[in-house]
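**Student:** Take this structure, written in structure tokens, and hold onto it; I'll ask about it next.
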Amino acid sequence: MARFKAVPVSEAYPNGLKPFTPEEESQRDADEAAWEAAKPQLETLAKIAVLEIQVTQRRLREAALTDEGKAWLQNIEDQIAAERAKVR
Amino acid sequence: MSTIKADAIEAATGTNTDLVLTGKGTGVPDIETGFKVSGTAGLPVSDLRVGTDGELITWDASGNPTTVAVGTAAQVLTSNGAGAAPTFQDAAGGAYEFISSVTASSAASVDFDAVFSGSYTNYLMIAEGIIPATDATVMWIRLSTDGGSTWVSSAGAYTTNWLANPASTAVQGSLGHATAIEVNSSTVSNNGQSNVTTDGYSAFSATIYSPQSSSHFTRVVGHAIIADSGDPSSINQNLFAAGRRAAEAHDSIQVLSSSGNISGVFKLYGIKDA
């Protein structure tokens, strides 16, 4: 299906729609394909970000002072390492 | 000088006869300050001489009474300083001047072609009521150097740095080699834009710095509220600082979704330099 771009209403485009050129159609196809291809990596990066922010100052203190805290931190580190391995 | 002393003077003859008071030579009738009309002190506005609709009374540089000419619709009365009568003029306006608006209804992109000019150094885009056709997508911004014939979309053309707070947790991140500026971060979990109206609509404002400069990298700084995909009670805030990674004179700007069509109202303003 042909794509349209929304543009300011004018004499040339009274309904505010301008059809994509063949080049723009190709570009958009490539955009969407790249987006789909990048999704797994982006989701992995997002998971890493969530894991990283869980390591708060309190968690670090607990890791330094208790075995439970240390184990918790090691578990997070292992999860981050596993996710990083996916995007290498 | 002789004086008539009486409590009332009436015209003597006829039924509807004016009462005439006349001075002599260049002399004119002289009425005491505070005179009354129909028992009330002062001259009522309704008794002023019939004039032109829309004119205002003023005094000219010589101190003589005159009128301010009628302006045109939407003009405002503007002082011309001491010693000059005011005039109706076009409103000076604020710091922002409207350039163009696009209302998109499921369009593949929103394009403002050839809108950056020498008239302004910086610009503001306000976008609201935004909803993508595809769920959990990211809003992209791209620039053009050729009036929108082609859009800069090569790998590494743009960089974006975010501070986002999906699920009320602040996360920062960056995407240093992207094909577009990202309004909401693609590298943050649960930060995709909802395509369901019951989740609410997204909106953003973005300031575009020096898009026409061929010596400065074009910078885009914005603030977005993103309707959280799948959760109508949750909204995500995204602060984004982004830009081109090359110095080019851009004349056009485009907004699109990372996948599928986009709807919303997008407005572009020029920011006055002075």
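**Student:** Restricting attention to strands (runs of 3 or more DSSP E) lying wholly within segment B:177-274, give those where 2 or more residues are assigned by TED's automatic domain parsing to the domain that holds B:GLY147 and farther than 22 Å from B:SER153 by Cβ.
**Tutor:** B:202-209, B:219-227, B:235-244, B:262-271
**Student:** Among the candidates B:ALA227, B:ALA246, single out the residue that is more than 14 Å from chain A (Cβ to nearest Cβ), surrounded by fewer than 20 Cβ atoms within 10 Å (Cβ to Cβ), touching a residue at least 60 places away in the same chain (Cβ under 8 Å) and of a type in the set (Gly, Ala, Ser).
**Tutor:** The conditions single out B:ALA246.
**Student:** Would you please name the residue that is farthest from B:ARG244 (Cα to Cα), looking only at residues in segment B:162-186 that are touching a Ser or Thr at 6+ places or on another chain (Cβ under 6 Å) and buried (at least 16 other Cβ atoms within 10 Å of the Cβ)?
**Tutor:** So the residue we want is B:ALA164.
**Student:** Search segment A:65-88 for residues that are over 15 Å from A:VAL50 (Cβ atoms) and pair each with any residue that is assigned to a loop (DSSP other than H, G, I, E, B) when their beta-carbon atoms are under 8 Å apart and the residues are at least 6 apart or on different chains.
**Tutor:** Listed pairs, sorted by first residue: A:LEU73/A:VAL55.
**Student:** Same structure again: Return only the number of the condition from (1) within 9 Å of chain B (Cβ to nearest Cβ); (2) touching a residue at least 12 places away in the same chain (Cβ under 8 Å) that A:LEU51 does not satisfy.
**Tutor:** The one condition A:LEU51 does not meet is (1).
Okay, residues lined up against (1) closer than 26 Å to B:GLN172 by Cβ; (2) facing another protein chain (nearest Cβ under 9 Å); (3) in contact with a Lys or Arg (Cβ under 9 Å, 6 or more places away or on another chain); (4) outside any helix (DSSP H, G or I):
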site	(1), (2), (3), (4)
A:TYR13	no, no, no, yes
A:LYS18	no, yes, yes, yes
A:SER26	no, no, no, no
A:ALA33	no, no, no, no
A:ALA38	yes, yes, no, no
A:ALA46	yes, yes, no, no
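**Student:** If you go through segment B:120-170, how many residues are touching a Gly at 6+ places or on another chain (Cβ under 6 Å), outside any strand (DSSP E or B) and either farther than 21 Å from A:LYS39 by Cβ or more than 11 Å from chain A (Cβ to nearest Cβ) (or both)?
**Tutor:** Here the count works out to 2.
**Student:** Here's another thing I want to ask about it. Does at least one position in segment B:189-206 carry a residue that is modelled with pLDDT of 80 or more, closer than 23 Å to A:ALA33 by Cβ and facing chain A (nearest Cβ under 10 Å)?
**Tutor:** Checking segment B:189-206: at least one residue is modelled with pLDDT of 80 or more, closer than 23 Å to A:ALA33 by Cβ and facing chain A (nearest Cβ under 10 Å).
The values are calculated or read from the model by the stated rules, or taken from the named source; none is laboratory data. The structure presented is a predicted model; accordingly, all values stated were derived computationally and were not measured. As a convention, Cβ positions derive from the backbone with ideal geometry for all residues, glycine included, and neighbour counts pool all protein chains shown.
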